[in-house]
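A quick write-up on the structure given underneath.
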Amino acid sequence: MSSLQFWKPGTVGPGSTLDRATEAEGSVISSAPIGAAVSIQAARERLPIFKHKEKLLYCVENYGVTILVGQTGCGKTTQLPQYLHEAGWAADGNVIACTQPRRVAATSVAARVATETLLDPLLSRYSVVMIDEAHERSVYTDLMLGVLKKIRRKRPSLRVIVSSATLDAAGFLDYFSSGNPPGEATIVSLEGRMYPVHIAHLEQPTPDYVAKAIDVVWNINLQRSSGLAELLPTLPRGATRLKLHALHSGLPMDEQLAAFEPAERGFRKVIVSTNIAEASVTIEGIKYVVDSGFVKIRTYNPTTSLSSLSTIPVSRASAIQRAGRAGRTSYGACYRLYPASTFESLPPTTQPEITRTDLTTPILQLKSLGIDDLMKFEWVSSPPAEAVLRALESLVASGMVGEDGRLTVIGEKVAECPVEVNIARMLFASKDYQCGEEILTIAAMTTVQDVFVIPDGAAGALAELERRKFTAEEGDHLTLLNAYNAFTRYGRSSSWCKAHALSFRALSRAVSIRAQLKKYMQRFGLPIENCQGDAKRLRQCIVSGYWRNGAKWMADGTYRSVRGNVVLHVHPNSVLFTRKPRSGWVIFHEMEETKKTQIRILTEIEPDWLLEYGHKFHDKRTGVGVSVR
DNA sequence: GAGCACTGC
């Protein structure tokens, strides 16, 4: 938690996909030659934060909570912990902690804090805890803030630093001030290392922001319009040529990194990106930003237990952050594909994740921190009451929480596992079905995404044929198992994966996650046995974790959920996309609402397997158990 | 007939 690591921007950091903005701040240090102590010191003193050093240390000394407002690049992540260290906050065995929304595995931090807290509920080893990038409002940022506010009531010597963007600072000040004596919290502003960004809006809204974006990009380069890739050959002689890059997390690493390379002479880079480029990564040298005004976001409906992925207008904070990407190395310009009046009507900030997510795991974590009375917990933003109830209900149904509202013995163990509750259940049940070896693989494979690579066009048909080689009659879980086993037996190389239409990155991740989960199983004394090819036992074991995700096949090819009788469509990547399961029943890993409600990763089951679990756990909300008709 | 982001040492 407290380690400080630096690595060069654009290179791969340990355990991460790409380096992010805050590490870029450290590049000033990491790129200095070893032993160049003088230039390191000079570089540190050039950072905008340096001028504020004394003021910052004064605030940390005199206020419980210091809210630090500063642009990415001002040096707060890398410098402040060092200032605190130099000022003696780490003396006498004290620890300065710094958490980040992505860099540190949130669940394992929670697990670690839980382990320490059970022995030391007031985190007395820690003198200062800094929550970085708090304005992103990830679930675990919000939980940590709540826990820290609670701890400060009992141990005022603990100092909290919340680093935030400008727009959110007042909200954090109110949160920590509320219910506390005056002088609890203060705001410190650091001037950023930003260049001016000229902002232009459309006069009228556009019906097609993709076409409009192409228009604007082409016009930035020269005065023309319509399709971008197709237009490239028509570029006049002498004009700056364009190099197109796509950027999103699903791309292979080398393609992601290509977007970070400086453009060749005579070329201009155009990066078409998801909001990965909004805050997660920083690409130096961006001069123009074209902002569609939209974001694709996941929301959760606790009433239906449905996650949905929808495209919605961005917040003003996001639009400002996007524009800022143009002003990191020189002055820039941002073209918003919407009128100025639309900008004014946007919501100020994005809804915090905790208000639109499944709370099952977060609430399990809170309980493992000893926070059992959720009514008293001071949320930074309260999640819907319905979401809290559904999460409690599902924790009770899966045996993690007893009727008294406290964690059960297995619940305490599962809270330490960095996987969702259903998977943890399945891992524990593998002891009864003697299939730990295979269940570990299935657990790892269902947590990675895009294992099969099916490209568009003619290559796609070939890839489909390759995938058929791994197809298991029983469904997707066993198909994933086959692919993993083939990978570890014959492949483990990217060329082998390419030849078999598999993602090397996804499978490599599965290998490391599996190793990880295996350690948890060994720690909990669970045997790792081979099922000896008995697919039935394996499928029953899957049902033990996922019995609430049963569905029945209908004559029109859709399914109906056992819970709620919802119409479900099979995801086209499933091996059961075009096939009826013999029994007419399946269990699925997840469902998601896009244009319609889809289920992913299906396996054929016998309906009475559902009853086996359904009769044990009664649905408290509807008053009926799982019924299989 | 489909692909926001993030994470697991």
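The values are calculated or read from the model by the stated rules, or taken from the named source; none is laboratory data. These figures come from a predicted structure and were not determined experimentally. Using ideal geometry, Cβ is built from the backbone for each residue, glycine included, and neighbour counts are taken over all protein chains shown. Heads up: the accessible areas ignore ligands, DNA and RNA and are worked out on the full protein's heavy atoms, side chains in. Shrake-Rupley method; radii C 1.70, N 1.55, O 1.52, S 1.80 Å.
Residues that are at pLDDT 90 or above, under 30 Å from A:S310 (Cα atoms), within 16 Å of DNA strand B (Cβ to nearest atom) and assigned to a helix (DSSP H, G or I) occur at least once in the range A:544-556. With the structure loaded, tell me whether A:T361 is open to solvent by less than 60 Å² (accessible area, probe 1.4 Å), in the same structural domain as A:G405 (by TED's automatic domain parsing) and within 10 Å of DNA strand B (Cβ to nearest atom) or whether it fails that test. Yes, satisfied. Take the conditions (1) open to solvent by 60 Å² or more (accessible area, probe 1.4 Å); (2) part of a helix (DSSP H, G or I); A:Q449 misses just one of them, which is (2).
Cβ contacts < 7 Å: first residue among the basic types (K, R), restricted to the range A:194-215; second residue in a loop (DSSP other than H, G, I, E, B) and open to solvent by less than 90 Å² (accessible area, probe 1.4 Å), any location; separation 6+ or different chain. Result? Qualifying pairs under 7 Å: A:K212/A:T206; A:K212/A:L337. Does A:A459 fit the bill of being within 19 Å of A:G475 (Cα to Cα), within 13 Å of DNA strand B (Cβ to nearest atom) and either without any contact (Cβ under 8 Å) to a residue 12 or more places away in the chain or assigned to a helix (DSSP H, G or I) (or both)? When the stated conditions are applied, A:A459 does not pass them. For the range A:218-238, a tally of residues being modelled with pLDDT of 75 or more, in a helix (DSSP H, G or I) and open to solvent by 30 Å² or more (accessible area, probe 1.4 Å) returns 5.
Considering (1) open to solvent by less than 50 Å² (accessible area, probe 1.4 Å); (2) assigned to a helix (DSSP H, G or I); (3) not assigned by TED's automatic domain parsing to the domain that holds A:V388, the lone condition that A:E344 does not fulfil carries the number (1). Checked across the range A:292-314, the condition of being touching a residue at least 60 places away in the same chain (Cβ under 8 Å), assigned to a loop (DSSP other than H, G, I, E, B) and within 20 Å of the chain's Cα centre (by Cα) holds for at least one residue.
The residues on offer are A:G266, A:G285, A:G370, and the sole one that is on the phi > 0 side of the Ramachandran plot, open to solvent by 40 Å² or more (accessible area, probe 1.4 Å), at pLDDT below 90 and assigned by TED's automatic domain parsing to the domain that holds A:L395 is A:G370. Among the conditions (1) at pLDDT 90 or above; (2) open to solvent by less than 50 Å² (accessible area, probe 1.4 Å); (3) closer than 20 Å to A:I587 by Cβ; (4) of a type outside the set (D, E), A:Q434 misses just one, which is (2).
In the range A:464-475, the residues that are within 16 Å of A:D450 (Cα to Cα) form Cβ pairs under 7 Å with partners that are within 16 Å of DNA strand B (Cβ to nearest atom) and of a type outside the set (G, A, S), at six or more places apart or across chains, as follows: A:E464/A:I454; A:R467/A:F452; A:F470/A:T479; A:T471/A:T479; A:T471/A:V575.
On the basis of being at pLDDT 90 or above and among the acidic types (D, E), does A:E604 make the cut? Judged against the criteria, A:E604 is a match. Annotation note: Cβ proximity below 6 Å between a residue of the range A:590-618 that is outside any strand (DSSP E or B) and a residue that is modelled with pLDDT of 90 or more and within 11 Å of DNA strand B (Cβ to nearest atom) (sequence gap 6+ or interchain) occurs for A:K596/A:H569.
Taking first residues from the range A:508-524 that are in contact (Cβ under 8 Å) with a residue 12 or more places away in the chain and partners that are open to solvent by 90 Å² or more (accessible area, probe 1.4 Å) and more than 10 Å from DNA strand B (Cβ to nearest atom), no Cβ contact under 7 Å between residues at least 6 apart in sequence or on separate chains turns up.
Quickly run through the range A:580-592 and pick out the residues that are away from DNA strand B (no atom under 14 Å from the Cβ) and either touching a Cys at 6+ places or on another chain (Cβ under 9 Å) or open to solvent by 40 Å² or more (accessible area, probe 1.4 Å) (or both).
Going residue by residue through the range A:580-592, those that are away from DNA strand B (no atom under 14 Å from the Cβ) are A:580-587.
Residues satisfying the conditions are A:K580, A:R582.
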